[in-house]
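Q: Right, I'll just put the structure down here and ask away after.
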Amino acid sequence: MSIVQNNSEKSKWYLPGILTGMGITMKHLVQNLLNKKQMTTLNYPEEKYEYGPRFKGNHILTVKQDGSLRCTACMLCATNCPAECIKITASEHSDPAVEKFPINYEIDMLRCVFCGFCEEACPVDAIRLGPEWQTPGISGANFTYDINHLAHRPSLKGGILTHVDDQERHKSGI
Amino acid sequence: MPKCTINGKEIEVKAGATIMEAMYQLKEPIAHYCYHPGLSVAGVCRLCIVDIEGQPRPQIACNTQVTEGMKVSNTSEKLKDGIKWVLDFHLINHPLDCPICDQAGECGLQDQYMQYGKYDPEMAEKKVKKHKVVDLGPTVVLDSERCILCSRCVRFTEEVSKTNELGIFNRGDRSEIGTADGKLLDNKYSLNTVDICPVGALTSKDFRFRQRVWYLKDSETVCNGCSTGCNVKVYFNKEGLFRVKPVQNDQVNGHWMCDEGRNTYKFVNSEVRLLKGRVSTSSGVEEKTAGAVAKQASSMLKSAGSDAVLVLSGQFTVEEYESIVSKFVNDFKSKKIYHWNNNKNQMNDFDGLLIRGDKNPNTKGLLKVLEKHGISTSWSDLESALKAGSVKALVVAAPENEEVYADLPQNIQMFSKAQNLIWLSTRKNQALSDLKGNVYQIPMKSYIEKSGTFINHAGLEQKFKRATTIVSEALTLSEAADLLAGQEFKMSSTQIPNVLVEEKRRPDQVMLEHRKKNEFVFRRGTL
Ligand code: SF4
Ligand code: SF4
Ligand code: SF4
Ligand code: SF4
Ligand code: FES
């Protein structure tokens, strides 16, 4: 790194700049004291900011009506993932109409960049990025989420239903 | 020898050749499903249409013979539109299965759709439902909905394997591939049907759902399943090998390979491999790197001198045999080199298509090297010497395909009578690790991990290149031979040929030597 020193005459006039800055700070201080409701900052973590429902936070694996995973283990999400953090192991399903399903689906949340590409790639609406985003963990916590967590964590209240159901698809003759 | 012009290129073909064959010869792209160069012509998919000058309508290329002066083209927009509509008919009843279909990524329908299709389906009718996940036999699974009825698989069982298991049943849009009641698709070449199926209708039970094909790299090599030496492609990624497919070579295997050969990848993967060198002596068991074990064994071998005995199985390359045999003959002055032949009786068996009784890829190569060095020994000499306990040091280049060595357990017991046993093998072997006495195990590289030559049953020399590395610390037999003879590796790092062509090099081009200097000698600026 090279440090360039500005020795010109102009650089000696720093005081007006500092005073302007202090002025702005003072203005906001007075404004906030007089009108607390308009304050732009939050008392985090007591107060929490509510994001819109389309916020891309932690992943959810959707389920079908019978409660089983919608995911077909096509691995398009894993292929599309720029962080290469999705690991899927596919297996043969006993029902020939389902044929293929994941016996293991893991996302390494510490590598995930929350780009949402997995959601875009999924042909069957099996993975979504949900509104949850505050998921701290203490030292030694596991940030590799498995099927159990992704599809059935308590906050999902029994699982999120997918839009694309096989039954309907078969009924309409596709 | 008629001459014709295809897309403006002139070509001479042999009499009776079809337009399709001419196009193959020219390597002109043409959409097709049912034509396969190794099978008879069926002309059922109608995708291979071409324009022939002077004919009002397109004709199929696979069933039209070339005549003198014929002018053929398949590039007009009208023709592409025609192909698109043929494709539409193929897809009428085709399910939306690509996410679960194992063929996705190497599927004929996907390829042609991307090339010619890209339309929205216009069928208002419901799709005809057929059988899914039909268990055809021990190796193959059928999905009738995905089948486009090209009949390649049927023709294969009729013409190549001559087992006639498959047929087309029912009529019209309810036609399905199947086997007659109670019969199974069960022959020694059944998995070829999976290769030639242009769609995901036939899938291999072994490979099904294990990997997506786009996660795999491929590399051509020679099968080491038997002395036929089929040309194959192995598919692998960093987890190991996943499947083997045949590569066309009319001299050796045509378009096919046997099912047994497809299993050869299983003894290459790290689960069954010897990963570390291992020395067990009276003072206990020690795990070491392969090179360290070889060096330790080398001092022991030196003391044995001309009493050192070498046993070779037919599963290594010619170059490796040459290297280790010449080390024994020249350095140790020992000509006690024996050929471990596991299938003396079936040596010349042949099933008429590909499979041979000699389950070693390079028996011919081994015999040739032994002959060159004037070595003729008999196995019974070795047996009696071992029985008498007079063998001081025995080096065994053990087979990687242990499954075909039925005499392996009994031979291990016999070899263990040697005072020192040096076991060079790719495989971990419990019986060997349980042996008492001095045993040096050195991990070897498998045929996928080295370049070399196999000489097949007919004396054809086939060179192959390294595909990937699975056990990085393993040695090739030549490297092991060098170390056993007390020499260092011959690493020719300075002789790596310059990839930049000499005359094209810029005068101020920074070469490797200078770059190294720059990186290690000078500091890259300071704060
Ligand atoms: S959000 Fe992006 S980085 Fe995270 S799992 Fe999905 S594709 Fe991968
Ligand atoms: S989540 Fe979607 S894209 Fe990923 S494997 Fe499952 S079905 Fe395929
Ligand atoms: S056969 Fe091809 S088009 Fe049909 S489901 Fe399989 S991959 Fe898709
Ligand atoms: S199963 Fe495959 S090879 Fe056989 S007819 Fe159907 S598409 Fe052709
Ligand atoms: S390839 Fe010619 S009709 Fe199928």
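Rundown of residues vs (1) outside the structural domain of B:PRO361 (by TED's automatic domain parsing); (2) modelled with pLDDT of 90 or more; (3) surrounded by 19 or more Cβ atoms within 10 Å (Cβ to Cβ), yes/no style:
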{"position": "B:ASP381", "(1), (2), (3)": "no, yes, no"}
{"position": "B:SER390", "(1), (2), (3)": "no, no, no"}
{"position": "B:GLU400", "(1), (2), (3)": "no, yes, yes"}
{"position": "B:GLU403", "(1), (2), (3)": "no, yes, no"}
{"position": "B:MET414", "(1), (2), (3)": "no, yes, no"}
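Q: If a residue has to be modelled with pLDDT under 95 and in a helix (DSSP H, G or I) to count, how many in region B:169-220 make the cut?
A: Within region B:169-220, residues that are modelled with pLDDT under 95 and in a helix (DSSP H, G or I) number 6.
Q: Return a yes/no flag: does region B:125-145 have any residue that is within 13 Å of ligand 4 (Cβ to nearest atom), closer than 28 Å to B:ASP259 by Cα and assigned to a helix (DSSP H, G or I).
A: Yes, because at least one residue in region B:125-145 is within 13 Å of ligand 4 (Cβ to nearest atom), closer than 28 Å to B:ASP259 by Cα and assigned to a helix (DSSP H, G or I).
Q: Would you point out the residue of region B:266-285, among those that are without any contact (Cβ under 8 Å) to a residue 60 or more places away in the chain and under 35 Å from the mean Cα position of the chain (by Cα), that is most open to solvent (accessible area, probe 1.4 Å)?
A: Across region B:266-285, the extreme among qualifying residues is B:GLU271.
Q: Touching a strand residue (DSSP E or B) at 6+ places or on another chain (Cβ under 6 Å), open to solvent by 20 Å² or more (accessible area, probe 1.4 Å) and either assigned to a strand (DSSP E or B) or within 12 Å of ligand 2 (Cβ to nearest atom) (or both): is that true of A:THR79 in this structure?
A: On the way: touching a strand residue (DSSP E or B) at 6+ places or on another chain (Cβ under 6 Å): no; open to solvent by 20 Å² or more (accessible area, probe 1.4 Å): yes; either assigned to a strand (DSSP E or B) or within 12 Å of ligand 2 (Cβ to nearest atom) (or both): yes.
Judged against the criteria, A:THR79 is not a match.
Q: Kindly indicate whether B:GLU77 is surrounded by 17 or more Cβ atoms within 10 Å (Cβ to Cβ), acidic (Asp, Glu) and either within 16 Å of ligand 5 (Cβ to nearest atom) or free of Cβ contacts under 8 Å to residues at least 12 places away in the same chain (or both). Walk me through it before giving the result.
A: Numbers: surrounded by 17 or more Cβ atoms within 10 Å (Cβ to Cβ): no; acidic (Asp, Glu): yes; either within 16 Å of ligand 5 (Cβ to nearest atom) or free of Cβ contacts under 8 Å to residues at least 12 places away in the same chain (or both): yes.
So B:GLU77 fails the test.
Q: Of all residues in region B:417-427, how many are touching a Lys or Arg at 6+ places or on another chain (Cβ under 8 Å) and crowded, with 17+ Cβ neighbours inside 10 Å?
A: 5
Q: Sticking with this one: Can you spot a residue in region B:106-128 that is within 13 Å of chain A (Cβ to nearest Cβ), more than 16 Å from ligand 2 (Cβ to nearest atom) and touching an Asp or Glu at 6+ places or on another chain (Cβ under 6 Å)?
A: Among the residues of region B:106-128, at least one is within 13 Å of chain A (Cβ to nearest Cβ), more than 16 Å from ligand 2 (Cβ to nearest atom) and touching an Asp or Glu at 6+ places or on another chain (Cβ under 6 Å), which makes the answer yes.
Q: Something else: What are the residue pairs meeting all of these: first residue in region A:155-174, first residue away from chain B (no Cβ under 14 Å) and farther than 14 Å from A:ASP125 by Cβ, second residue open to solvent by less than 50 Å² (accessible area, probe 1.4 Å) and assigned to a loop (DSSP other than H, G, I, E, B), Cβ atoms under 9 Å, and 6 or more apart or on different chains?
A: Sorted first by the residue in region A:155-174, then by its partner, the pairs are A:SER155/A:GLY130; A:LEU156/A:GLY130; A:GLY158/A:GLY67.
Q: Tell me yes or no: at least one residue of region A:133-154 is free of Cβ contacts under 8 Å to residues at least 60 places away in the same chain, open to solvent by less than 40 Å² (accessible area, probe 1.4 Å) and within 14 Å of chain B (Cβ to nearest Cβ).
A: Checking region A:133-154: not a single residue is free of Cβ contacts under 8 Å to residues at least 60 places away in the same chain, open to solvent by less than 40 Å² (accessible area, probe 1.4 Å) and within 14 Å of chain B (Cβ to nearest Cβ).
Q: Quick one: what pairs do we get from region A:116-128, first residue more than 12 Å from every other protein chain (Cβ to nearest Cβ) and over 10 Å from A:THR162 (Cβ atoms), second of a type in the set (Lys, Arg) and away from ligand 4 (no atom under 16 Å from the Cβ), C-beta under 8 Å, 6+ apart or different chains?
A: These pairs meet every condition: A:GLY116/A:LYS56; A:GLU119/A:LYS56; A:GLU119/A:ARG128.
Q: Moving to a separate point now. Does B:VAL154 satisfy the condition of being within 14 Å of another protein chain (Cβ to nearest Cβ) and at pLDDT 95 or above?
A: Numbers: within 14 Å of another protein chain (Cβ to nearest Cβ): no; at pLDDT 95 or above: yes.
The answer is no for B:VAL154.
Q: Which condition breaks for B:LYS27 when tested against (1) within 14 Å of chain A (Cβ to nearest Cβ); (2) among the basic types (Lys, Arg); (3) away from ligand 4 (no atom under 16 Å from the Cβ)?
A: Just one mismatch for B:LYS27, condition (1).
Q: Only residues that are in contact with a helix residue (DSSP H, G or I) (Cβ under 7 Å, 6 or more places away or on another chain) and part of a loop (DSSP other than H, G, I, E, B): list them for region B:1-31, please.
A: Matches in region B:1-31: B:VAL13, B:ILE30, B:ALA31.
Q: Would you be able to say whether some residue in region A:41-53 is open to solvent by 70 Å² or more (accessible area, probe 1.4 Å), in a loop (DSSP other than H, G, I, E, B), away from every other protein chain (no Cβ under 14 Å) and aliphatic (A, V, I, L, M)?
A: yes
Q: Any idea which residue in region A:116-129 is surrounded by the fewest Cβ atoms within 10 Å (Cβ to Cβ), counting only those that are closer than 20 Å to A:GLN65 by Cβ and not hydrophobic (A, V, I, L, M, F, W, C)?
A: Among them, the one singled out is A:PRO123.
Q: Could you tell me whether region A:83-105 includes any residue that is polar (S, T, N, Q), touching a helix residue (DSSP H, G or I) at 6+ places or on another chain (Cβ under 7 Å) and within 12 Å of another protein chain (Cβ to nearest Cβ)?
A: The answer is no, given that none of the residues of region A:83-105 is polar (S, T, N, Q), touching a helix residue (DSSP H, G or I) at 6+ places or on another chain (Cβ under 7 Å) and within 12 Å of another protein chain (Cβ to nearest Cβ).
Q: Now for a different question. Out of B:ILE83, B:ILE100, I need the residue that is assigned to a loop (DSSP other than H, G, I, E, B) and either within 28 Å of A:GLU168 (Cβ to Cβ) or within 16 Å of ligand 5 (Cβ to nearest atom) (or both). Which one?
A: Values: B:ILE83 fails: assigned to a loop (DSSP other than H, G, I, E, B).
Result of the check over B:ILE83, B:ILE100: B:ILE100.
Q: Right, another one. For region B:146-168, give me each residue that is buried (at least 18 other Cβ atoms within 10 Å of the Cβ), in a helix (DSSP H, G or I), touching a residue at least 24 places away in the same chain (Cβ under 8 Å) and more than 16 Å from ligand 3 (Cβ to nearest atom).
A: Selection gives B:ARG155, B:PHE156, B:THR157, B:VAL160.
Q: Consider B:LEU47 against the criteria (1) within 34 Å of the chain's Cα centre (by Cα); (2) surrounded by fewer than 20 Cβ atoms within 10 Å (Cβ to Cβ); (3) aliphatic (A, V, I, L, M); (4) within 16 Å of ligand 4 (Cβ to nearest atom): it satisfies all of them except one. Which criterion is unmet?
A: That leaves (2) as the condition not met.
The values are calculated or read from the model by the stated rules, or taken from the named source; none is laboratory data. What you are looking at is a predicted structure, and each value in this text was computed from that prediction instead of being measured. A quick note on method: Cβ atoms are made from the backbone with ideal geometry, for glycine too, and the neighbour counts reach across all protein chains shown. Areas reflect the complete protein model, heavy atoms only, side chains present, ligands, DNA and RNA absent. Shrake-Rupley method; radii C 1.70, N 1.55, O 1.52, S 1.80 Å.
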